[in-house]
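The values are calculated or read from the model by the stated rules, or taken from the named source; none is laboratory data. On a predicted model such as this, the values are computed, not experimentally measured, just so you know. Neighbour counts are summed over all protein chains in view; Cβ atoms, including those assigned to glycine, are modelled from backbone coordinates with ideal geometry. For the accessible areas, the whole protein counts, side chains as well, though only heavy atoms, and no ligand, DNA or RNA atoms are used. Shrake-Rupley method; radii C 1.70, N 1.55, O 1.52, S 1.80 Å.
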Amino acid sequence: MKRAAWDNFSEFVANRNAVKKEFKTASAYMQCLCALLLTLQRSKVDSETIAEIRHSLKKEFKIFSPLRGIAMPALITQLCVAKDDREMTGKVKEAYRLLREEGFLGTDFLPLPAYILARNNVDAVLSRKMRDIYLMMRSKHKAITGGDDTGFAALMAVYIDTVQTAEQLCEQAFSILSKRFGSKNETWLMSHILAFDGENIEKNAERTIELYERLKADKRMFKGTESPILALLGVLGCDAEKTALDIGELSDALKVSHGFSPWQIPKGQRQLYSAALIAMTEISEKENSRETRMLMYLLITAILVSVTMATIMAASSAATM
């Protein structure tokens, strides 16, 4: 395994231990997400900045606002790593206002698309384009489209020229992936990810399926919400056999690390974190344009936030049944 992957591993574990002190009431999954976001940006916990952003959000938004909901720790973490956190916080607030005007109300996933739009261009044209893409997603597959698709709709609004092109690319990817994974929410999310490399959808879909099968053969099958990260590894061109071995090695190392024992973090989540650390390594080492690198960073952010939010909400729902 690459030395950089082990460096990311060590940084992730250290960040997670530091994050626990800042977001004490957050779930273990959310704390791990925040640690991954810090690791992605090569950043450390900044207690003063976290306190300042938390105060700003609490002052401006009511307690039931999505910006103060489940995703609040992740949003604060993302704002902390911005070059100008105050300016970025203002842009996120404006993006959030525009999204509400477009009819996005009440979903706990809303901070993610607000952040994505804020990183690019906050205006009514872009937020309207995002709305149209999201409505397209619902019109094609209403039963499997939800809040976790909003972040990808925001990314498509920024990086894919038209709604029609986004529809064509998503449907092309879905038609391939659904033959192996079925018509599920996770398959639809993986299709969104493959759509960002439109010229290589078939090849990347084959890589995704090959990696899934390899992990399954190693008894490390990705089930349910964790599987979208495999599509990103496919887009990055990762070799299935080597990547499966690396995921297993990192997952086993996490299992014996403080705070990641099986009764604290399930196997599926450890595998997700391991796959994310490998993806981070690949992104940082590829010679891409600045725009492509930014897309990859935002794409892995969208995957991790969406998957973590879905996992937390599913766990919460199961606990109240």
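Quick one: is LEU299 among the hydrophobic types (A, V, I, L, M, F, W, C), closer than 26 Å to MET1 by Cα and open to solvent by less than 10 Å² (accessible area, probe 1.4 Å)? Criteria met by LEU299. Flag: PRO73 does not match the condition of being without any contact (Cβ under 8 Å) to a residue 60 or more places away in the chain and in contact with a Ser or Thr (Cβ under 6 Å, 6 or more places away or on another chain).
Quick one: in segment 199-225, of everything that is open to solvent by less than 30 Å² (accessible area, probe 1.4 Å) and either at pLDDT below 95 or among the hydrophobic types (A, V, I, L, M, F, W, C) (or both), which residue is nearest to GLY146 (Cα to Cα)?
Applying the first criterion (open to solvent by less than 30 Å² (accessible area, probe 1.4 Å)) to segment 199-225 yields 201, 204-205, 208, 211-212, 215, 222.
If we keep only those that are either at pLDDT below 95 or among the hydrophobic types (A, V, I, L, M, F, W, C) (or both) too, we end up with 201, 205, 211, 215, 222.
Details: ILE201: 23, ALA205: 23, LEU211: 26, LEU215: 28, PHE222: 21 Å.
Top of the filtered list is PHE222.
Within segment 83-97, the only residue that satisfies the criterion of being open to solvent by less than 20 Å² (accessible area, probe 1.4 Å) and either out of contact with any Phe, Trp or Tyr (no Cβ under 9 Å at 6 or more places or on another chain) or outside any helix (DSSP H, G or I) (or both) is THR89. Looking only at segment 113-125, which residues are crowded, with 18+ Cβ neighbours inside 10 Å and hydrophobic (A, V, I, L, M, F, W, C)? Residues satisfying the conditions are ALA114, ILE116, LEU117, ALA118, VAL122.
Looking only at segment 217-271, residues that are under 21 Å from TYR297 (Cβ atoms), in a helix (DSSP H, G or I) and not polar (S, T, N, Q) come to 12 in all. Annotation: TYR134 fulfils all but one of (1) over 22 Å from LEU79 (Cα atoms); (2) surrounded by fewer than 21 Cβ atoms within 10 Å (Cβ to Cβ); the unmet one is (2).
Within segment 96-115, restricting attention to residues that are without any contact (Cβ under 8 Å) to a residue 60 or more places away in the chain and of a type in the set (A, V, I, L, M, F, W, C), the residue that is farthest from MET296 (Cα to Cα) is LEU105. With respect to being open to solvent by less than 60 Å² (accessible area, probe 1.4 Å), over 29 Å from LEU135 (Cα atoms), part of a helix (DSSP H, G or I) and free of Cβ contacts under 8 Å to residues at least 40 places away in the same chain, GLU11 fits the description. Only residues that are part of a helix (DSSP H, G or I) and within 21 Å of the chain's Cα centre (by Cα): list them for segment 56-74, please. Across segment 56-74, the qualifying residues are PRO66, LEU67, ARG68, MET72, PRO73, ALA74. Residues in segment 50-77 that are closer than 19 Å to ILE303 by Cβ and in contact with a Cys (Cβ under 9 Å, 6 or more places away or on another chain): PRO73, ALA74, THR77. Is one or more of the residues making up segment 157-172 touching a Leu at 6+ places or on another chain (Cβ under 6 Å), within 26 Å of THR311 (Cβ to Cβ) and either crowded, with 21+ Cβ neighbours inside 10 Å or not hydroxyl-bearing (Ser, Thr, Tyr) (or both)? Within segment 157-172 (the criterion being touching a Leu at 6+ places or on another chain (Cβ under 6 Å), within 26 Å of THR311 (Cβ to Cβ) and either crowded, with 21+ Cβ neighbours inside 10 Å or not hydroxyl-bearing (Ser, Thr, Tyr) (or both)), the answer is yes, since at least one residue qualifies.
Being within 23 Å of ASP148 (Cα to Cα) and crowded, with 20+ Cβ neighbours inside 10 Å: is that true of PHE104 here? Answer is yes for this residue.
Looking only at segment 14-55, count every residue that is assigned to a loop (DSSP other than H, G, I, E, B) and open to solvent by less than 30 Å² (accessible area, probe 1.4 Å) and tell me the total. Outline the logic, then answer.
Pass one, segment 14-55, residues assigned to a loop (DSSP other than H, G, I, E, B): 23-27, 41-46.
Next, only the ones that are open to solvent by less than 30 Å² (accessible area, probe 1.4 Å) stay: 23, 26, 43.
Number of matching residues: 3.
Restricting the first member to segment 116-136 and to residues that are more than 15 Å from ARG97 (Cβ to Cβ) and among the basic types (Lys, Arg), and the second to residues that are assigned to a loop (DSSP other than H, G, I, E, B) and open to solvent by less than 70 Å² (accessible area, probe 1.4 Å), the beta-carbon pairs closer than 9 Å and six or more apart or on different chains are ARG119/ALA82; LYS129/THR162. Residues that are in contact with a helix residue (DSSP H, G or I) (Cβ under 7 Å, 6 or more places away or on another chain), touching a residue at least 60 places away in the same chain (Cβ under 8 Å) and of a type outside the set (A, V, I, L, M, F, W, C) within segment 237-257 comprise ASP246, SER257, listed in sequence order.
Yes/no per residue for (1) modelled with pLDDT under 95; (2) closer than 20 Å to LEU194 by Cα; (3) assigned to a helix (DSSP H, G or I):
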{"site": "THR107", "(1), (2), (3)": "yes, no, no"}
{"site": "ASN121", "(1), (2), (3)": "yes, no, no"}
{"site": "LYS129", "(1), (2), (3)": "no, yes, yes"}
{"site": "LEU135", "(1), (2), (3)": "no, yes, yes"}
{"site": "VAL158", "(1), (2), (3)": "no, yes, yes"}
{"site": "ASP161", "(1), (2), (3)": "no, yes, no"}
{"site": "GLN168", "(1), (2), (3)": "no, yes, yes"}
